[in-house]
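All of the numbers you see were taken from the coordinates with simple rules; none came from a lab. What you see is a predicted model, and the numbers here were worked out from it, not measured in a lab. Please note: Cβ atoms are built from the backbone with ideal geometry, for glycine as well, and neighbour counts cover all protein chains shown.
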Amino acid sequence: MWTKSPLLKKFEKLKELGFPLIREAGTKISRGYADLGYEEFLLLNEDQMISLFSGKVSSLPSDHHQYFFTVLSIDDMTEVLVRAGADIVSLQYVDQRKWSLTLSKNKVESIHGGNSLEEVFTTALLKLYELKSYA
């Protein structure tokens, strides 16, 4: 399944804030192209990837790593939050419309308004990285 462009923009921002490129087999990565948008890939190993759009297998040259960013699953995002010392206090589907995530790390903070679980968890990670409060 392809990731929606607004969510990919958040993952790209997360990379800009210091989240590393994970180069393990099975990891989904992406890159943006100036006028074309984003393309997603699945890593076959640390140096080979397959395009989720075209199915073409290509190499991931080490001098191109700076153009790619990791697209995390909800499980991966949960693991990053927990490793950073955040406790997930609650996760609610408010009025069957929006997700609300409440975290506790030194203080309780709520993230409201996510249309999807991915969106609300990515917003939480962005806040964590903007505050530089990750492990």
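Placing +1 on each Lys and Arg Cβ and -1 on each Asp and Glu Cβ, with no other charges, gives the chain a dipole about its Cα centre of roughly 360 debye. The slack in the chain from residue 17 to residue 35, taken as 0.36 nm per residue of separation less the alpha-carbon distance, amounts to 4.2 nm.
Per the Debye formula on identical point scatterers at the alpha carbon atoms of the range 49-95, with no solvent, log10 I(q)/I(0) at q = 0.14, 0.21 Å⁻¹ is -0.62, -0.87.
Remark on the range 74-130: Rg and Dmax equal 10.4, 30 Å (Cα only). Among 93, 67, 38, the order by Cβ neighbours within 10 angstrom, fewest to most, reads 93, 67, 38. Spin-label model, residue 52 to residue 105: label points 7 Å out along the Cα-to-beta-carbon direction sit 2.4 nm apart. Dividing the summed helix terms, -39500 (n - 2.57) for each DSSP H run of n ≥ 4, by the number of residues in the chain produces a 222 nm estimate of -8500 deg cm²/dmol to the nearest 500. Label separation (residue 64 vs residue 90): 4.7 nm, computed from points 7 Å beyond Cα along the C-beta direction.
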